[in-house]
Structure formats: structure tokens, C-alpha cells
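Enquirer: To start, I am sharing the structure in question, which I have written as C-alpha cells.
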Amino acid sequence: MRSNYLFTSESVSEGHPDKVADQISDAIVDLFLSKDPEARIACETLTTTQLVVLAGEIRCKGVFENNEWAPGAEEEIEATVRATVKRIGYEQAGFHWETFTFQNNLHGQSAEIAQGVDAGDNKDEGAGDQGIMFGYATDETPDLMPATLYYSHKILERMAADRHSGKAPFLEPDAKSQVTLRYEQSLPVAATAVVVSTQHKQGYCLTGEHADPAKYAELEAYVKRIVSEIIPPVLRYLGEQPNSFDPAVIQKAVDVLTKLRPYITQFHSSEYINALANGDACVAIGWSGDVFQAKTRADEANKGVHVAYNIPKEGAPMWFDMMAIPKDAKHPDNAHQFINYLLRPEVMAGISNYVSYASANKVSLPLVDESLRANPAVYPTPAVQATLFSLAVLPPEVDRLFNRAWTTLKTGQ
């Protein structure tokens, strides 16, 4: 068996048509099982432009009996389907959770199929389709999945999380990722190709009628950004310039992170919020607002999990939300009005209270909750502020260096 090779895996997002159909079918199965734990459901889903069709055979007490639907059952099925598509995020002209045409062609289970799936003496249960697949567990990743598939999944998980949270409003639900790794001695040692294809808002492309190079650059930068958020804090910890472009200096940070790698169980930009809140993680590197979300969830659950946030004494990166008006904006007066609205003290204080992030609007400070104002992790002291730094834009050669180092760290090889 070859030990040196290239291996590729592909993942599709929750908004890919195949996954949409899977999630709808799963939701229907969950719905029927919640009504009757002994229900039998074979539900196939077809999705296309503004259309969802259910087909298959069912048996469910209290829902479908004697070839008739119980009162309200069909309406509940449709509501479940629409809620699933809404959760995924489809609100487009070509596919909108509220307006697509819905067809329910589910019907009662045939006697022949029932005979195959009901338990009986001296016979194996079974009916339906058959398939062939391959898979294996491996210690290449914390999830025990092949590294190529692990990273393909993680890319799309991050994109979906940012789309739902509003961090990447230009993304739309349908996406696909593909990762190719080079293996040496049967171990992943380098990424040779990473491909991401995603639906996006109009204009975020290089070619076509609505192409906008500036918007495309924003989309491209978004996909690359996560890599650049970890190495600079380690350089500051080492007493180095956090935004150094010197390969030898950057390698110092990589060396430190490599020593820590055996103790890192997960790499993700948002899952650590729930992991902290549930007590499944003890330490995480994260942005303050994310950690405060975890603290709020833990406090609300009241299960003995206590989450705290601290800024390292050596310093940490900081970021700013900025508002700008493009020079070719069609309605700049409206933009000015919106910005002025956000800058109202009561509005900005409300935003700070909700997201647990500090505001530069000093007039709003008296209206911010006292617990937030007094929290030095949200409003650092002048001494701590002096240790904070912003992240530099990486030149291409340094960006490639970061990407290679990050891939090596995550694979643990």
C-alpha cells in the first residue's frame, strides 16, 4: 500500500440542495417519532426552484391511520418543512421558505414493506435501499475523521456560523469546500489545494454583469482571515513584534504553539462558545464578546459552570467595527442618517449592553449597564489598553507562511 500520496475530500454546506433535502427528511422523521415512537417513516425529499416535494411511505399512530390524515397533521408537516428551510437561511427569490410551493405525497406504508420491517420470529428485519460506502476512524484529527474531510467540514461550519450571526452578511446558504492534503508515510504533512465555492450576494464576483472587484476582494479576504488571528498574540507573549513579517520571528510563535498542540482538542471560531457554556472546554482563545456570550449561557443554564474572561498581561489583539460610505453610494444622505442614529448615546449603549462589547462613544458610557462598565475585560484600564494591538494586513508571502504554519499546527504533524 502506498504511504506517500495526495488525498482529497469534499464537503457541502447545509444550504446545498442535497443537504436541504436531507434535513427536511430528517425533520419529518423527528416529527413523526415525536408523535409515535413506533412510527415507520420512509421519506424522500425533492427540492428545486421554489418547490419542495415529499414522497414515501409512513405508518404513525395518531397522525396517519386507515389511509387518512389526522386533523391538522398535514398543516404541521408543511410548517415543519418551512421552518427547516427558514433555519437554513433561504430567503431568496428563487427559493424562499415562506413562498415556495409545497407538495406532500406521503402515503400509508404497504403491507409488504410492513412485513419486512416489523419484528418477527427467526427472521432478520430490513427493507429499502442498499448502498456501498467506505470510511474509517483516524487520530489525524480531534474528531477522529480523516484530515481532508475534517477541514472541509470545518470551513463550511465556520462560514455557516458567520452567516447566521451576521458576521458575513454577503454569504448565502449553498456552499462547497474541497481540501487536498499531501501525505508522507501515511501522515498529512501539507495542504496542496483548498477550494471554496459559495453562494453570495450580488456583486461579490470578478466576472459577470454585476461583478464588483472590491466586493470580491472582501469575500476573498474573509475566507483567509481566520488564519491570521492566532500567531500575533503568541509573538507578543514572546516579547516579539506581534505583526512581524520576519519568517524567523514567526517560526518562534509556531514553535510555542507546536509544544501546546498535544493539549488542543478543537480548532473552531465559534463552537467554543457552547463548549465553554456547557463545561466541555476549560480554556479557549476567543474574542471577548464570544466568551461573554458563553458566560451568559452558562449563567442562564445554572448547572454549575462558571466562565471568566481574561486579557493576557503581555497584551492581546483588538479590533474595531467601522462604518464607511462608498464614494459611489446612491443615497449617502440615508447612510449619514443611519450612522447618526447608531451614534445616539441610548442606541450605542443598548448595543453595548446586548453584545458585551465596548463602544468608543464616550457619551453613551453612563447609559451602559454598571456591571459592564465595571468589567475590566470589557473596558480595560489605561495600563491594559497600552498592551493591546491591532492586526496588520499580511503581504502575500507572509500570508502563505501563516497558512502553511497553521495547516501544520492543526494536523499536529
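Enquirer: Can Ala316 be described as in contact with a helix residue (DSSP H, G or I) (Cβ under 9 Å, 6 or more places away or on another chain), surrounded by fewer than 12 Cβ atoms within 10 Å (Cβ to Cβ) and closer than 25 Å to Thr387 by Cβ?
Expert: Here the answer is no, as Ala316 does not meet what is asked.
Enquirer: Quick check on Val249: is it farther than 30 Å from Asp299 by Cα, surrounded by fewer than 17 Cβ atoms within 10 Å (Cβ to Cβ), at pLDDT 80 or above and of a type in the set (A, V, I, L, M, F, W, C)?
Expert: yes
Enquirer: When the residues of segment 89-112 are narrowed to those that are open to solvent by 50 Å² or more (accessible area, probe 1.4 Å) and assigned to a loop (DSSP other than H, G, I, E, B), which ends up nearest to His16 (Cα to Cα)?
Expert: Ala93
Enquirer: Going residue by residue through segment 263-277, is there one that turns out to be touching a Gly at 6+ places or on another chain (Cβ under 8 Å), within 24 Å of Leu238 (Cβ to Cβ) and either open to solvent by less than 50 Å² (accessible area, probe 1.4 Å) or part of a helix (DSSP H, G or I) (or both)?
Expert: Yes, because at least one residue in segment 263-277 is touching a Gly at 6+ places or on another chain (Cβ under 8 Å), within 24 Å of Leu238 (Cβ to Cβ) and either open to solvent by less than 50 Å² (accessible area, probe 1.4 Å) or part of a helix (DSSP H, G or I) (or both).
Enquirer: Filter segment 330-351 for residues that are part of a loop (DSSP other than H, G, I, E, B) and within 19 Å of Leu367 (Cβ to Cβ) and give the result.
Expert: Leu343, Arg344
Enquirer: Could I ask something else about it? Residues in segment 368-405 that are over 27 Å from the mean Cα position of the chain (by Cα) and either open to solvent by 70 Å² or more (accessible area, probe 1.4 Å) or under 13 Å from Met318 (Cα atoms) (or both): how many?
Expert: Here the count works out to 15.
Enquirer: Oh, and also: With the structure loaded, tell me whether Gln266 is closer than 30 Å to Val283 by Cα and not hydrophobic (A, V, I, L, M, F, W, C) or whether it fails that test.
Expert: Considered against the rule, which asks whether it is closer than 30 Å to Val283 by Cα and not hydrophobic (A, V, I, L, M, F, W, C), Gln266 comes out as yes.
Enquirer: To continue, here is another question. Given (1) in a strand (DSSP E or B); (2) surrounded by 13 or more Cβ atoms within 10 Å (Cβ to Cβ), identify the lone condition not met by Ala193.
Expert: Unmet condition: (2).
Enquirer: State whether the residues of segment 324-335 include one that is under 20 Å from Ala221 (Cβ atoms), open to solvent by less than 40 Å² (accessible area, probe 1.4 Å) and out of contact with any Gly (no Cβ under 6 Å at 6 or more places or on another chain).
Expert: No, there is no match, as no residue in segment 324-335 is under 20 Å from Ala221 (Cβ atoms), open to solvent by less than 40 Å² (accessible area, probe 1.4 Å) and out of contact with any Gly (no Cβ under 6 Å at 6 or more places or on another chain).
Enquirer: For segment 352-367, enumerate the residues that are in a loop (DSSP other than H, G, I, E, B) and either open to solvent by 90 Å² or more (accessible area, probe 1.4 Å) or small (Gly, Ala, Ser) (or both).
Expert: Those that are in a loop (DSSP other than H, G, I, E, B) and either open to solvent by 90 Å² or more (accessible area, probe 1.4 Å) or small (Gly, Ala, Ser) (or both): Ser356, Ala358, Ser359, Ala360.
Enquirer: Okay, next question. Filter segment 56-88 down to residues that are surrounded by fewer than 19 Cβ atoms within 10 Å (Cβ to Cβ), touching a strand residue (DSSP E or B) at 6+ places or on another chain (Cβ under 7 Å) and farther than 15 Å from Phe32 by Cβ, then give me how many there are.
Expert: Looking only at that region, the number is 1.
The values are calculated or read from the model by the stated rules, or taken from the named source; none is laboratory data. Computed from a prediction, not measured in an experiment: that's the story for all the values here. Heads up, the Cβs are rebuilt from the backbone with ideal geometry, glycines too, and the neighbour counts pull from every protein chain shown. All accessible areas refer to the heavy atoms of the entire protein, side chains included, with ligands and DNA or RNA removed. Shrake-Rupley method; radii C 1.70, N 1.55, O 1.52, S 1.80 Å.
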